[in-house]
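Every read-out reported here was derived from the displayed coordinates using simple, explicitly stated rules and does not represent laboratory data. Everything numeric here is computed off the predicted structure, so don't read it as measured data. Here the Cβ is made from the backbone with ideal geometry for all residues, glycine too, and neighbour counts use every protein chain on show.
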Amino acid sequence: MMSHMTRARYDRDVLVVGGGIVGLATAHALRAARPGLAVTVLEKEAAPALHQTGRNSGVIHSGIYYRPGSLKARLAVRGAQEMLKFCAEHGIPHDQPGKLVVATEPEEVPRLRELAARANANGVPATPLTPAQMQRHEPWVRGLAALHVPTTGRCDFAAVARHLATLTDIRYGARVVAVDRRPGVGVAVRTAAGEVLRARALVNCAGLHSDTVARLAGDEPGVRIIPFRGEYYGLVPSRRHLVRGLVYPVPDPALPFLGVHLTAGMDGSVHLGPNAVPALAREGYGWGTLRPRDLAAGLSWPGAWRLAARHWRTGAQEIRRSLSRRTFAATVRRLLPDIAEQDLVPLPGAAGVRAQAVLPDGSLADDFVLLDAPHTVHVLNAPSPAATASLPIGRLIARRLLAGL
């Protein structure tokens, strides 16, 4: 049991668990909303943004995919504009090349029209293109129809997080192992190093470990984080000219993943991916990483089995694509027919793991999920487009937390 807390003795006003972009944006928003507030971010790693924030495609999403009125829709549209402005103000490399969403099969054309209607509902400019019009943007891409989304951007989200880290107090190597919360008093947190910190309130932005931290605080999150790894290939330099900007397939409406897409980076590189395979550890960036405790936590959740029963065919295809470069290349050829298997270069260091919240019925949470508790806000589902939306997400969390302080 941690030492007794009193109303008068706090080390900090707010502790934020997790030094990814959402945690850092939240700390920034708290300090901006209430100057003088003592906020400390607890990050278990030796640097910020080493997991979801630093392992994505760097795309600033426009907000076309998300259900109108949802948090994802509202905050991504607002966040995209703010992220571009933030990067410009702080000298962080960024641009706004726009993107194409391409239908390659007849059954995808109606879904592309639905996506255009959703873009319109969300206030995002999107222009339908014929195949000939599409090739003016991407001469080597083939499809039956496309949607041009000019407001999609690119940036280095890890660089954004590093800058945000300079604007707040952050402690590295501070893995949270216990939380003692007392109504009307506050929160005490113990780290793996044995340090105990007392605060008036806590924000849980622990990403892949957010449900675990919620349970440490005595709250039932109602979801379980199931990790999905996304793997990338690169194009060999001699073939990079085949992709000018950002090219996406029409996504499967039953899943929150966007499918294998083509991403030309600002440095001239081209990434192909990601896929979405179940990871064997919450930080399982390759098939060789297996953590029995993480695996057992997933397998003990009824929703994981229901999810597998519902989507086992899709899961099997993703695993096959993960294990076979030939299969991965075949997927890429749906958009880029001139690609050959030997044009693909594995990028194991670029793999990321998505912290996907799964409900007990096996459905995937399709919106950001925030849970309010005494002295606490838990962020339980914040995968893509959370990096895009991080600045307004941080303000939303700050408002909810400060309303109770």
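Worth a mention:
- Estimated from the Cβ-Cβ distance and a Förster radius of 22 angstrom, the FRET efficiency linking Arg399 and Lys85 is about 0.60.
- Note on region 385-400 and region 34-104: Cα centroid distance 9 Å, given to the nearest whole angstrom.
- Helical runs assigned H by DSSP (4 residues or longer) give the chain a calculated mean residue ellipticity at 222 nm of -9500 deg cm²/dmol, each run adding -39500 (n - 2.57) before division by the residue total.
- Residue order, fewest to most surrounding Cβ atoms within 10 angstrom, among Asp211, Asp180: Asp180, Asp211
- Seen from Pro346, the other residues with C-beta closer than 9 Å to its C-beta sum to a net charge of 0, counting Lys and Arg as +1 and Asp and Glu as -1.
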